[in-house]
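The values are calculated or read from the model by the stated rules, or taken from the named source; none is laboratory data. If you're wondering where the values come from, they're calculated on a predicted model, not measured in any experiment. Using ideal geometry, Cβ is built from the backbone for each residue, glycine included, and neighbour counts are taken over all protein chains shown. Ligands, DNA and RNA are excluded from the accessible area calculation, which covers all protein heavy atoms including side chains. Shrake-Rupley method; radii C 1.70, N 1.55, O 1.52, S 1.80 Å.
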Amino acid sequence: MRATALAHSNIALVKYWGKRDVDLNLPAAGSVSLTLAGMSTRTTVEFDTGFSADTFELDGEVASPEATFRVSQFLDLCWYDDERPRARVVSSNDFPTAAGLASSASGFAALAVAATSAAERQLNEAEVSVLARRGSGSAARSVVSGFAWMSRGERADGMDCHAYSFADPDYWDLRCVVALCARGKKAVGSTDGMTHTMQTSPYYDAWVETVAEAMVSAREAVLERDFERLASVAEASCLQMHASAQASRPGVLYWNGTTVELIHAVREWRAEGLPVFFTIDAGPHVKVFCPASHVEKVRDRVADVDGVLDILEARPGHGARVVEDDA
Ligand code: DP6
């Protein structure tokens, strides 16, 4: 009753921002993303009837009671009946969690795969994606490889709300240069930020209305490897999502000065002929996309922008999977 899984982070090209059901964690609209190799979580789950309590170790340290409780609740969903044995969960990220880079996507995707495998459940990819979604909406997408389509779904029980891959990681060698623009955790987590936007932003409904068309357009752009079109859709989705959050009362503003400098810089580079676009999640960091052929130049330029503290580079990656247990 032990298994280890590896999952990568993912970045939304068409964003998810808002829920239609908070309990089941069902998004108000779908999303389109790219699973990224180079930012990973590795998680081992061991169930044992001899354990008296669940324990959770993250990056070599005992996790907080809140984080452990969240893991326990999620493990309950992964087990097949009410008699779940307690578990030991050991997890590590190969990117700086404290920098506020998303870790819930790779974290819950790895946990879903490791826990269901340790429980010896035979689930297909869509079923694992549904489970991962209960932990975090974006985690549903890290279950699958490459370019992912996350369906909003129509069913009240959420069983049709999951991701699937519509293009493999090697279909299009895009690169994502992640510019770290601040240290420390973000002030408002994405769950709280989107709930607040839903409750107080006059632009929230308008934002949700943009998503379905943007998803179709992003998928077509990927399938045609049309960089310019993808750049246009992805930047619009990012800015529309942030505009809806910024229009809340009080406004949720994830950017700092460096974020804004990078937005302007990326637009200037593109005007000069460099194929680049930006996207930003619920934090100040900017993710700059380009074709693999241009990544050296883009890295150099991003590193030169004042305020950029560090750079990570990621490429299209595979979905969450069981890996050899090295303990
Ligand atoms: C801005 O998946 O972290 O990154 O479902 O509440 O855990 P929960 O939210 P989460 O939200 C991600 C928001 C985003 C956009 C995106 O990844 O689509």
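Structure values in brief
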read-out	value
The stretch 245-261 and the stretch 307-327: distance between their alpha carbon centers, rounded to Å	28 Å
Apportionment of accessible area to carbon and sulfur, the stretch 6-65, percent (1.4 Å)	52 percent
Gain on full stretching of the segment that runs from ALA187 to ASP304 - 0.36 nm per residue minus C-alpha separation	39.5 nm
Residue-span extension gain [ASP94 to ASP326] - 0.36 nm each, minus C-alpha spacing	81.9 nm
Within the stretch 237-327, GluC sites (Glu not before Pro) in DSSP loop having at most 15 other beta-carbon neighbours inside 10 Å	GLU272, GLU324
Cβ-defined net charge surrounding TYR254, 14 Å radius [Lys, Arg +1; Asp, Glu -1]	+2
Magnitude of the charge dipole, the stretch 1-124, Cβ model with Lys/Arg +1 and Asp/Glu -1, debye to 20	440 debye
Net charge dipole size for the chain [Lys, Arg +1 and Asp, Glu -1 on Cβ; Debye, nearest 20]	540 debye
Per residue value of the accessible surface for the chain (all protein chains in place, 1.4 Å probe), Å²	43 Å²
Packing-based order for 198-206, 287-295, using average beta carbon neighbours within 10 Å, highest first	287-295, 198-206
Ranked packing of 143-149, 301-307, most packed first, by mean Cβ within 10 Å	143-149, 301-307
Net lengthening on full extension, VAL260/GLU313 (0.36 nm per residue, minus Cα-Cα)	17.1 nm
Leading residue at positive end of dipole, the chain (Cβ point charges), from TRP207, ALA3, VAL32	TRP207
Separation between Cα centres of the stretch 39-95 and the stretch 186-241, rounded to whole Å	32 Å
Among TYR164, TYR80, TYR16: highest mean-square fluctuation, GNM of the chain, C-alpha pairs under 10 Å	TYR80
Cβ charges +1 (Lys, Arg) and -1 (Asp, Glu), total dipole of the stretch 181-255, debye	500 debye
Pairwise label distance in nanometres, ASP226 with ARG267, each label 7 Å out on the Cα-Cβ vector	2.3 nm
Listed residue (ALA67, TYR16, TYR164) projecting farthest to the positive dipole end of the chain, Cβ model	TYR16
